[in-house]
1. Under a Cβ-Cβ cut-off of 13 Å, what is the net charge of the residues other than Tyr19 that fall near it, where Lys and Arg count +1 and Asp and Glu count -1?
2. Considering only Ile169, Ile360, Ile116, give the residue with the highest GNM mean-square fluctuation for the chain, with springs between Cα atoms whenever their separation is below 10 Å.
3. What is the sum of charges around Tyr251, taking Lys and Arg as +1, Asp and Glu as -1, for the other residues whose C-beta is under 14 Å from the C-beta of Tyr251?
4. So in the chain, which Cys have no other cysteine's beta-carbon sitting under 4.7 angstrom from theirs?
5. Relative contact order (percent) for region 1-101, with alpha-carbon contacts under 8 angstrom and 6 or more residues of separation?
6. Can you tell me, using C-alpha contacts under 8 Å and at least 6 residues apart, the relative contact order of the chain as a whole percent?
7. Could you list which residues have their amide H under 5 Å from that of Val6, counting only those 5 or more apart in sequence or on another chain, with H placed in the peptide plane?
8. For region 249-257, take each phi angle, set θ = phi - 60°, evaluate the Karplus expression 6.51 cos²θ - 1.76 cosθ + 1.60, and give the result in whole Hz per residue in order, putting x for glycine and proline.
Amino acid sequence: MIYVHVPFCHRKCTYCAFYSRVARGERRVESYVDALLDEMELRKGEQAHPIRTVYFGGGTPSLLPVDELARVVEGLRRCFDLSQVEEVTLEANPEDLTPQYLADLASLRFFNRLSIGIQSLDDQALRLLNRRHTARQAVDAVENARRAGFGNISVDFIYGLPSDFQFSIFNFQLVTHVSAYALTVEPGTTLAVQVEQGRVSLPGEDEVVRQYHALHEAFEAAGFRQYEVSNYARPGFESRHNSRYWNRTPYLGLGPAAHSFDGRHRRWNVSSVEEYCKVLKDFRDLRDLRDLKDLFQQETLTEADAYNELLMTSLRTVRGLDLALVPEEYRERLHRQVQPYIDRGWLQLSTPHSPLSTLIPTPEGLLHADGMAAELFV
Ligand code: SF4
């Protein structure tokens, strides 16, 4: 699978700790696409597994004009075998999804899934987060996307905000997938400063848990089924791309700050857009592989790292952790460690006392999945 990172945003959301640059000027976007095409050329031999999903994430991929997206798509088609691709997602912000943009996007005949960052349907909450769109624009974006022929649409919400959900204005029948993330106050963000200075007051843990349950009920009532802590889908519309991440399928990450994984090594590209473009431009001009030493860093995962990742990703899904995948040396320790969580009702075994059992988080356990997994780490 392939991930393309688009590192630009129109402006910075208050809660965001991702690497992204506020885009100014077409030249910068053009240089970024030039560099991305160079990276594809360089790495086209790397993907040994069939590519089944492509995901454009960010940042804000819908900030790219469609003609620039077309250059990226052309590069992907030229460098990789996409004949087995099933799902191609573009992350988008509502304000970008005008009828014209969507028509142009559809004309590329490449993207078959949109993931739209709605976050909230309350204008006050959207202003608090420094989002550029209004609730009305979010609703319009989804309707425009359906009219343009996009039948597979996911929308993102954030809970843990001071206001409650205003779902009455939203037609869930138009979407196939929903994601809900708890608002977290990351150090170094504008939100962290606002909270510290008392300018923003966020709900306490009990209210956040209440909102989580309210969302869960609203999504289930609308016909979605939870398949991961933050993700719900109509049957057959689970995100194939994300599900593959959780199965630890190798992936190729292109663009500044993009991560790649080949089953054994994890590498991450330099995060600065300027540095990324410069390294690849120098390489293009001089064709000297030494110039690429600043493009990425890499680490080799130990067996313990791989096991910890398996715990973290599996316990966040309703499928759970297949005990047959746990290395022999950690099994006894794991059985001892999980008993208190089984007693507490957070985990259950699919077939108790069988070594081929699966450890499945209960709905309550899913709420504590990250903390529980961290406790089980070696
Ligand atoms: S649009 Fe997304 S990536 Fe960009 S600043 Fe907002 S949250 Fe961060």
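Throughout, read-outs are computed from the coordinates displayed, never taken from laboratory work. This structure is a prediction, so every number in the text was calculated from the model and none was measured. Methodologically, a virtual Cβ is constructed for each residue, glycine included, from the backbone with ideal geometry; neighbour enumeration extends over all protein chains shown.
1. Values: positive: Lys12, Arg21; negative: Glu186, Glu274, Glu275.
Neighbourhood net charge equals -1.
2. With Cα springs under 10 Å in the chain, the top fluctuation among Ile169, Ile360, Ile116 is at Ile169.
3. Values: positive: Arg43, Arg52, Arg240, Arg244, Arg248, Arg264, Arg266, Arg267; negative: Glu46, Glu87, Asp262, Glu309.
My count for the surroundings of Tyr251 gives +4.
4. Cys9, Cys79, Cys277
5. Values: 123 pairs, mean separation 37.2, N = 101.
Rounded, it is 37 percent for region 1-101.
6. Details: 631 pairs, mean separation 56.2, N = 378.
Rounded, it is 15 percent for the chain.
7. The list, which skips near neighbours in sequence, is Gly57, Gly58.
8. Whole-Hz 3J(HN,Hα) from phi for region 249-257: 6, x, 9, 10, x, 10, x, x, 6.
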